[in-house]
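So the structure is just underneath, and the comments pick up after that.
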Amino acid sequence: MTKALLIIDVQVGLFEPKPSPYKSDEVISNINKLADKARASNAPVIWIQHETPNHEILKFQSDGWELPNNLNQAESDFYVRKTTPDSFLKTDLLQILTNQTVSELVVCGYATEFCVDTTIRSAAAKGFEITLVSDTHTTHDKQHAPAEFIIQHHNATLPNIKSFGVTIKTEQSELVEFAS
């Protein structure tokens, strides 16, 4: 089973304004460790960047659209541009995964209740096994719920989705392995 690491929407315009997302420094540190582990096992590392054409902060190639400088990137990494919460919709993500013979996804990033959740459900519908890295996805506090609760909720509920016929599990970053 070939795994790939999907890093969703960890972008300057979403992470650097104050207040930053919940535990953002820890999340970025854990993402860097995961990316290093993935590359050491020759697993694809795929950065997904959200863009909104008429949005000043997330406009393609704007400062806010870029990845933060404290993320470790490599020449072997892949990059996917998206315009919806679904990282597969109108993107080349599925083609990249197919070309790399990926059957399992390790998912982390921003925003837990939007792009992370939607991408996981879309991936499950496409037959991918999924590991949601429980300490490596984040969001901002919302009016109806604090970020910590939103993250806990998704860590608890997404693994209970069985109707797609694939496994969705959560695992802490230190326990994630990429070697088969």
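Taking all protein chains into account, the per residue accessible area for segment 45-156 stands at 48 Å² (1.4 Å probe). The Cβ shell under 12 Å around residue 80 holds other residues with a net charge of -2, Lys and Arg each +1, Asp and Glu each -1. I want the local charge near residue 49. Using Cβ-Cβ distances under 15 Å, sum +1 for each Lys or Arg and -1 for each Asp or Glu among the other residues. Residues near residue 49 contribute -4 overall.
Here the sum of -39500 (n - 2.57) over DSSP H runs of 4 or more residues, divided by the residues of the chain, equals -7500 deg cm²/dmol at 222 nm, to the nearest 500. Taking a ≥ b ≥ c as the square roots of the eigenvalues of the Cα gyration tensor, an a/c ratio of 1.5 or more together with a/b no larger than b/c marks segment 109-180 as oblate.
The longest part of the chain holding none of the exposed loop trypsin sites (Lys or Arg not before Pro), meaning those outside H, G, I, E and B in DSSP with at most 11 other Cβ atoms within 10 Å, is 1-89. Anisotropy class assigned to segment 1-144 is rounded, per the alpha carbon gyration tensor with a/c under the 1.5 cut-off. Put the Cα centre of segment 1-39 next to the Cα centre of segment 96-128 and the gap is 15 Å. Only lysine pairs 8 or more places apart or on separate chains count here, and in the chain those with Cα atoms under 24 Å apart total 24. Rolling a 1.4 angstrom probe over segment 38-93 with all protein chains present gives an accessible area of which 46% lies on carbon and sulfur atoms.
The values are calculated or read from the model by the stated rules, or taken from the named source; none is laboratory data. Just so we're clear, the structure is a prediction, and the values are computed from it rather than from any experiment. Methodologically, a virtual Cβ is constructed for each residue, glycine included, from the backbone with ideal geometry; neighbour enumeration extends over all protein chains shown. Ligands, DNA and RNA are excluded from the accessible area calculation, which covers all protein heavy atoms including side chains. Shrake-Rupley method; radii C 1.70, N 1.55, O 1.52, S 1.80 Å.
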